[in-house]
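One structure below.
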Amino acid sequence: MSLSIPAAAPAHRPGTPLVAVALLLAGALALTFAVSGRQALLFIVGGALGLVLYHAAFGFTSAWRVLLNERRGAGLRAQMVMLAIAVLLFFPALSAGTLFGTPVKGLVAPAGTSVIVGAFIFGIGMQLGGGCASGTLFTVGGGNARMLVTLLFFIIGGVGATHHLDWWAALPSLPPTSIVSSLGLVPALVVSLALFAAIAAISARLELRRHGSLERAAPSEHQGWQRFLRGPWPLIWGAVLLALLNFATLALAGRPWGITSAFALWGAKVLQGTGVDVSAWAFWQQPANAQALAAPLWEDITTVMDIGIVIGALLAAGLAGRFAPNLNIPLRSLVAAVIGGLLLGYGSRLAYGCNIGAYFSGIASGSLHGWLWLVAAFVGNGVGVRLRPFFFPGERREAKLTGC
């Protein structure tokens, strides 16, 4: 059974790139006058992130699922390259405390019970919802209607978690710990790079044992500038550019890239508009959160960058000729999007972030909670992969055919 609205979406809509460019330019101009030129630049960085994520198909969810199901590790190895470049850029700046004259600080959070539980259920949500935080945004921008459902319930789960997050935060945990501060710059770099190399080597060994050779990227029909504009890009391009754009975020915002705090903020704004006094909740009484709740959304850096990601992905999908929304969503897939979205939203607040704020930017900040997030979320993905065939029957048939 499916939720079906007949619609004949064209395979290619030539006006889509122009619309996306117009939205990016108009948004940047509006932010320049309403907030600042720096806020406008962060919006453009968000647009660039969306384009990179889409063209490189740089997904965390699919990369981990392929590793778990098929022992193919190219996606995970690309993540390790991304992290290696990030720590080489981030650690010296964070150790110095300034970057290009701007004070900077990492995303460092407590590592404990709430992170383990939050990352674990976030991992399950990744596989059921069909994407992580960045994946949800760039697929929405690319025209995936199902991911709009995931995003809606991502928001609901996120704001719901803020209602009693103080209870979770009181559970046993280590204090916020950065290995850059604890070990020193050089030892922190050596340890981090060694761990990235070890993870990449393990994934390669698993792939060689199963398949006898490492998978090669599929050839592209486009070359040169055509490939740059229309994609698809090699994963390594995505890894390098995401690390550089996160570093640009650090330089402009004074802290690394994050995504999901905006989702909770959007939900809180909606509840506030309906008369719910969310400002009475402990989470929204924290100074930074109270300020964000009171201020207009266009002053929130994460919100501005999230919207930029969606528009950047829209631009990429238009350039690739793939923007063609389809509202034919199987019922089980729709249910998975609802459950997955709730788990993603709730888990991201408990874990002090998502695959971007906790995993990518957390590890790039030298935060122990980023490494704890990686382990717990990977285990959660393993559970999510086992649950997927119930919601996506086609995967059950494929598993039987391949013997997986």
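Pull out a ≥ b ≥ c, the square roots of the eigenvalues of the alpha-carbon gyration tensor of the stretch 92-159, then state rounded if a/c is under 1.5, prolate if not and a/b is larger than b/c, and oblate in the remaining case. Cα axes put the stretch 92-159 in the oblate bin. Taking the square roots of 5 times each eigenvalue of the Cα gyration tensor of the chain, largest first, gives ellipsoid semi-axes of 29, 26, 24 Å.
Each residue was assigned an accessible area with a 1.4 Å probe, and for Trp281 the value is about 40 Å².
Across the alpha-carbon set of the stretch 55-103, the Rg to Rh ratio works out to 1.21, Rh being the Kirkwood radius. Hey, in the GNM for the chain with a 10 angstrom Cα cutoff, which one of Trp284, Trp64, Trp373 fluctuates hardest? Highest fluctuation of the listed residues: Trp284.
If you bin all the Cα-Cα distances of the stretch 205-325 at 10 Å, starting from zero, the percentages per bin are 10, 27, 25, 22, 12, 4, 0. Across every pair of non-identical alpha carbons in the stretch 306-404, the mean reciprocal distance, once inverted, gives a Kirkwood radius of 16.2 Å.
Show me the helices of the chain, taken as full DSSP H stretches, that run 24 Å or more along their long axis by Cα and average -0.5 or above in Kyte-Doolittle hydropathy.
Membrane-span-like by this criterion, though nothing is claimed about a membrane: 16-34, 37-55, 74-96, 145-162, 185-211, 235-253, 301-320, 331-350, 368-391.
Considering only Leu68, Leu151, Leu171, the Gaussian network model of the chain with Cα springs below 10 Å gives its largest mean-square fluctuation to Leu171. The radius of gyration of the Cα set in the stretch 130-212, together with its Dmax, comes out at 19.7, 50 angstrom. A 1.4 Å probe run over the protein chains yields, for the chain, 44 Å² of accessible area per residue, whole-number rounding. Shape summary: the stretch 322-367 maps onto an equivalent ellipsoid whose semi-axes, from the alpha-carbon gyration tensor, are 30, 15, 6 Å in decreasing order.
The P(r) of the stretch 141-296 has a tail past 22 Å containing 68 percent of all C-alpha pairs. For the stretch 86-205, relative contact order (Cα pairs under 8 Å, six or more residues apart, normalised by length) works out to 39 percent. A Gaussian network model of the chain, with springs between Cα atoms under 10 Å, assigns the largest mean-square fluctuation among Ala264, Ala290, Ala40 to Ala290.
The values are calculated or read from the model by the stated rules, or taken from the named source; none is laboratory data. Given the structure is predicted, the values throughout are model-derived calculations rather than measurements. These accessible areas exclude ligands, DNA and RNA; they are computed on the full protein's heavy atoms, side chains included. Shrake-Rupley method; radii C 1.70, N 1.55, O 1.52, S 1.80 Å.
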